[in-house]
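Asker: The structure under discussion is supplied below as structure tokens; questions concerning it will follow.
The values are calculated or read from the model by the stated rules, or taken from the named source; none is laboratory data. As the structure is a prediction and not an experimental result, all values here were calculated from the model. When we count neighbours, we look across all protein chains shown, and the Cβ atoms used for this are built from the backbone with ideal geometry, even at glycine.
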Amino acid sequence: MIHEHEMPFGAELQADGRVRFRLWAPPHETVHVALDGEARSLPMIPQGDGWQQLVTGEAHAGSCYRFVLPDGLAVPDPASRSQFDDVHGPSVVVDPRAYGWRDAEWSGRPWEEAVIYELHVGTFTPAGTFRAAIERLPHLVALGVTAIEIMPVAAFPGRRNWGYDGVLPFAPANAYGSPDDLKALVDAAHGAGLMVLLDVVYNHFGPEGAYIHAISPQAFTDRHATPWGSAIDARVDVVREFFIHNALYWIEEFRFDGLRLDAVHAIHDDSAEHLLEELAGRVHALAVGRPIHLILENEHNEASRLARKDGRPALYTAQWNDDAHHVLHVAATGEREGYYADYAGDTDLLGRALAEGFAFQGQMMAYRGSPRGEPSATLPPTAFVSFIQNHDQIGNRAFGERLPAIAAPEAVKALAAVYLLLPQIPMLFMGEEWDAAQPFPFFCDFGPALADAVRNGRRDEFARFPAFADPAVRARIPDPLAVETFLAAKLNWDDLNREPHASRFAWYRRILDIRRTEVIPLLRRIGHGGQYAVKGDSAVSVHWAIAGSGTLALDANLSGDACNGFAEAAGRVILSIGDTGTGGTFGPWAVRWSIRDEASLAP
């Protein structure tokens with residue numbers, strides 16, 4: 001079984017065995033292709049509108065090549081499918097037909113079945129490779145996971161990176177393995193019944209190795225700014241096609257089941273049709289016959305991008321629900337610094353985030369200094385991905401501490417009991433299921449020109465927080481460029497065989513089994529947000545209507561004090577932790593889920 005995506009740029013093997021090289025380089029009248037091992041470079045032929053092309057029989061699958069600009073600068077292919085070494089080295093001609101897929105029976109899974117597991121390839125296993133990750137798939141299946149979400153794998157500078165500094169979006173980082181190794185991971189996951197989602201970055205290029213600035217400066221605009229550098233000009237047709245084809249490439253050539261688009265609020269587009277709309281339409285048009293799930297990270301909380309049509313996502317399936325994380329995190333930790341200040345002491349936001357998706361639906365957010373969000377109560381809960389840990393919320397902390405390191409065990413357990421059974425889609429962060437002790441600090445491997453700026457900048461960004469006002473304290477923040485920082489993030493799988501980790505893993509398995517048997521069958525019948533009532537500080541009751549007459553109900557006291565005023569269970573109790581007592585009093589960190597599903601009881 002062969003899967004190949006035909007691209008209008010880059011190096012493409014032709015039916016006759018020759019290779020077509022195609023590059024958009026508007027400022028350059030002449031561009032050459034330099035093949036490694038060849039004494040001469042081959043001139044490309046101008047095609048008009050900034051395009052250069054060469055079709056030659058002197059290259060083949062496995063050939064290394066660079067493009068040579070008029071000033072002599074030799075650069076990798078912006079559409080490289082593979083790099084020989086680092087992003088500064090030559091690109092490699094790849095034959096996408098060489099991999100023989102075994103997943104012929106795979107037709108995807110419906111979104112309501114999703115239980116997502118976010119992982120970073122380099123720290124997920126000791127070896128940190130695509131092939132090594134395959135060995136851990138049985139663990140995920142046993143846990144009850146149905147989808148893995150892989151942090152970005154686009155080629156980045158150096159040997160270690162979170163992935164958000166990628167500069168060659170089509171080339172899997174060879175620190176993790178070859179393109180065929182990545183295909184083997186997807187193939188094996190499908191064989192195990194797991195969907196595979198990929199995190200992609202379409203809002204910027206990383207700060208090192210982005211030779212596209214020299215090749216095609218017209219790809220950028222100074223009309224907008226991003227926190228990471230020059231904004232991509234999404235009004236330019238070639239630029240739009242570059243990113244749209246990247247999405248199509250991962251879906252078609254690598255058989256991914258969906259994409260998570262990073263920080264789309266930083267994709268600025270004044271076109272009549274926003275890039276996000278065109279991209280989603282093209283993806284869905286391509287993937288006829290299997291469900292493809294497109295997920296957003298969007299600070300703007302634009303519910304309109306998650307609109308449904310005939311009960312199905314019109315464009316985007318879901319959004320990471322940072323609001324749900326923040327309200328739960330504040331309840332468990334009491335933290336009030338930074339953006340957490342807007343969530344502290346407001347239980348109404350807790351109820352709204354759990355019931356309706358977004359906590360901020362147009363209200364003023366003091367931390368931002370502007371209103372945030374759109375009404376989301378009409379969307380189904382499955383339009384939101386909820387979590388209590390992820391790479392951002394752990395790694396953006398100075399020391400990369402996981403939640404159990406900063407919150408009481410009973411609080412962490414209560415939060416997990418809430419989000420794992422929410423009708424929103426749950427997402428675990430790797431190792432969460434056994435309370436992994438390893439942190440997940442920020443790490444990278446930039447060259448000397450950037451090293452000090454990144455190291456110092458990481459520490460300076462925390463200077464505004466009172467806990468880090470002392471320079472001596474900031475000096476203890478892990479050096480993101482030190483290999484020890486990266487190694488500290490690697491999971492220790494041996495902990496699974498020790499207490500208390502083994503018991504926590506068994507507990508997570510039990511909760512996800514309850515989700516599989518009790519909650520997932522209801523999700524298609526919960527068509528919109530729920531209703532909530534505040535019972536006390538960090539204590540709420542939430543009810544979701546089930547079509548056909550019924551209710552899914554959550555009663556939760558997410559505080560360290562007892563709380564009164566809870567009603568009797570709405571129906572059959574499917575989970576109760578902590579002291580849910582009698583007479584409407586819940587003890588600290590008590591959670592109860594119940595179901596009244598009259599339609600399922602009807603003759």
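Asker: Which residue, of VAL145, VAL153, VAL201, is buried (at least 21 other Cβ atoms within 10 Å of the Cβ), farther than 29 Å from ALA98 by Cβ and among the β-branched types (Val, Ile, Thr)? Please lay out each step first, then the result.
Answerer: Working: VAL153 fails: farther than 29 Å from ALA98 by Cβ; VAL201 fails: farther than 29 Å from ALA98 by Cβ.
Step by step, each of VAL145, VAL153, VAL201 is checked, and only VAL145 is buried (at least 21 other Cβ atoms within 10 Å of the Cβ), farther than 29 Å from ALA98 by Cβ and among the β-branched types (Val, Ile, Thr).
Asker: Let me ask something else. Please work out if VAL31 is farther than 21 Å from GLY166 by Cβ, in contact with a Leu (Cβ under 7 Å, 6 or more places away or on another chain), surrounded by 17 or more Cβ atoms within 10 Å (Cβ to Cβ) and β-branched (Val, Ile, Thr). Walk me through it before giving the result.
Answerer: Working: farther than 21 Å from GLY166 by Cβ: yes; in contact with a Leu (Cβ under 7 Å, 6 or more places away or on another chain): yes; surrounded by 17 or more Cβ atoms within 10 Å (Cβ to Cβ): yes; β-branched (Val, Ile, Thr): yes.
Judged against the criteria, VAL31 is a match.
Asker: Would you be able to tell me the number of residues in the stretch 23-42 that are closer than 18 Å to HIS60 by Cβ, outside any loop (DSSP other than H, G, I, E, B) and of a type outside the set (Ser, Thr, Tyr)? Explain how you work it out, then say what you get.
Answerer: Step one: list which residues in the stretch 23-42 are closer than 18 Å to HIS60 by Cβ, which gives 33-42.
This time we only want the ones that are outside any loop (DSSP other than H, G, I, E, B), so: 33-35, 41-42.
Narrowing the set further to residues that are of a type outside the set (Ser, Thr, Tyr) leaves 33-35, 42.
Total meeting the criteria: 4.
Asker: Given (1) in a helix (DSSP H, G or I); (2) of a type in the set (Gly, Ala, Ser); (3) at positive phi, where does GLY548 come up short, assuming only one miss?
Answerer: GLY548 satisfies every listed condition except (1).
Asker: For the stretch 80-93, give me each residue that is over 17 Å from GLY163 (Cα atoms) and in a loop (DSSP other than H, G, I, E, B). Before the answer, list the steps.
Answerer: At the first step, the residues of the stretch 80-93 found to be over 17 Å from GLY163 (Cα atoms) are 84, 89-93.
Across the stretch 80-93, the qualifying residues are PHE84, GLY89, PRO90, VAL93.
Asker: Determine, yes or no, whether GLU461 is within 26 Å of PHE205 (Cα to Cα) and either of a type outside the set (Lys, Arg) or surrounded by fewer than 22 Cβ atoms within 10 Å (Cβ to Cβ) (or both).
Answerer: On the way: within 26 Å of PHE205 (Cα to Cα): yes; either of a type outside the set (Lys, Arg) or surrounded by fewer than 22 Cβ atoms within 10 Å (Cβ to Cβ) (or both): yes.
Answer is yes for this residue.
Asker: Could you count how many residues in the stretch 515-540 are polar (S, T, N, Q) and surrounded by fewer than 22 Cβ atoms within 10 Å (Cβ to Cβ)?
Answerer: Within the stretch 515-540, the first condition is being polar (S, T, N, Q), and the residues that meet it are 517, 531, 538.
Still in the running and surrounded by fewer than 22 Cβ atoms within 10 Å (Cβ to Cβ): 517, 531.
Residues meeting the conditions: 2.
Asker: Among the residues that make up the stretch 295-318, is at least one of them touching an Asp or Glu at 6+ places or on another chain (Cβ under 7 Å), in the same structural domain as TYR249 (by TED's automatic domain parsing), at pLDDT 95 or above and closer than 24 Å to VAL196 by Cβ? Break it down into steps so the answer makes sense when it comes.
Answerer: As a first pass, look at the stretch 295-318 and keep what is touching an Asp or Glu at 6+ places or on another chain (Cβ under 7 Å): 297, 301-304, 315.
Next, from what is left, pick out any that are in the same structural domain as TYR249 (by TED's automatic domain parsing): 297, 301-304, 315.
Adding the requirement that they be at pLDDT 95 or above leaves 297, 301-304, 315.
Subset that is closer than 24 Å to VAL196 by Cβ: 297, 315.
Yes - at least one qualifying residue is present in the stretch 295-318.
Asker: Looking at (1) under 20 Å from SER216 (Cβ atoms); (2) buried (at least 17 other Cβ atoms within 10 Å of the Cβ), can you tell me which one VAL94 breaks?
Answerer: Only one criterion in (1) under 20 Å from SER216 (Cβ atoms); (2) buried (at least 17 other Cβ atoms within 10 Å of the Cβ) is unmet by VAL94, namely (1).
Asker: Okay, moving on. Report every pair of residues separated by at least 6 positions or lying on different chains whose Cβ atoms are under 7 Å apart, first residue within the stretch 3-15 and under 14 Å from GLU253 (Cβ atoms) and touching a residue at least 24 places away in the same chain (Cβ under 8 Å), second basic (Lys, Arg) and surrounded by 17 or more Cβ atoms within 10 Å (Cβ to Cβ).
Answerer: Cβ pairs passing all conditions: HIS3/ARG255; GLY10/ARG22; GLY10/ARG81.
Asker: Looking at (1) farther than 15 Å from GLN83 by Cβ; (2) out of contact with any Phe, Trp or Tyr (no Cβ under 7 Å at 6 or more places or on another chain); (3) crowded, with 21+ Cβ neighbours inside 10 Å; (4) not basic (Lys, Arg), can you tell me which one ASP187 breaks?
Answerer: Only one criterion in (1) farther than 15 Å from GLN83 by Cβ; (2) out of contact with any Phe, Trp or Tyr (no Cβ under 7 Å at 6 or more places or on another chain); (3) crowded, with 21+ Cβ neighbours inside 10 Å; (4) not basic (Lys, Arg) is unmet by ASP187, namely (2).
Asker: Within the stretch 582-594, which residues are surrounded by 14 or more Cβ atoms within 10 Å (Cβ to Cβ) and free of Cβ contacts under 8 Å to residues at least 40 places away in the same chain? Outline the logic, then answer.
Answerer: Within the stretch 582-594, the first condition is being surrounded by 14 or more Cβ atoms within 10 Å (Cβ to Cβ), and the residues that meet it are 584-594.
Hits for the stretch 582-594 are GLY584, THR585, GLY587, ARG592.
Asker: Test of understanding: among ASP392, ASP342, which residue is crowded, with 18+ Cβ neighbours inside 10 Å and without any contact (Cβ under 8 Å) to a residue 24 or more places away in the chain? Spell out how you get there, then give the answer.
Answerer: Values: ASP342 fails: without any contact (Cβ under 8 Å) to a residue 24 or more places away in the chain.
One residue alone meets the criteria, ASP392.
Asker: Sticking with this structure for a sec: Name the residues in the stretch 3-22 that are in a loop (DSSP other than H, G, I, E, B) and out of contact with any helix residue (DSSP H, G or I) (no Cβ under 8 Å at 6 or more places or on another chain), would you? Before the answer, list the steps.
Answerer: The first filter runs over the stretch 3-22 and keeps only residues in a loop (DSSP other than H, G, I, E, B), leaving 3-9, 14-18.
Those that are in a loop (DSSP other than H, G, I, E, B) and out of contact with any helix residue (DSSP H, G or I) (no Cβ under 8 Å at 6 or more places or on another chain): GLU6, GLN14, ALA15, ASP16, GLY17, ARG18.
Asker: Picking from SER559, SER541, SER576, which residue would you name as being part of a strand (DSSP E or B), polar (S, T, N, Q), within 32 Å of the chain's Cα centre (by Cα) and within 14 Å of THR347 (Cβ to Cβ)?
Answerer: Numbers: SER559 fails: part of a strand (DSSP E or B); SER576 fails: within 14 Å of THR347 (Cβ to Cβ).
The match here is SER541.
Asker: Going through the stretch 309-362 one residue at a time, which ones are of a type in the set (S, T, N, Q), out of contact with any strand residue (DSSP E or B) (no Cβ under 8 Å at 6 or more places or on another chain) and not in a loop (DSSP other than H, G, I, E, B)?
Answerer: Here is the first cut: in the stretch 309-362, the ones of a type in the set (S, T, N, Q) are 317, 319, 321, 333, 347, 361.
With the extra rule that they be out of contact with any strand residue (DSSP E or B) (no Cβ under 8 Å at 6 or more places or on another chain), the set shrinks to 333, 361.
The answer is THR333, and nothing else.
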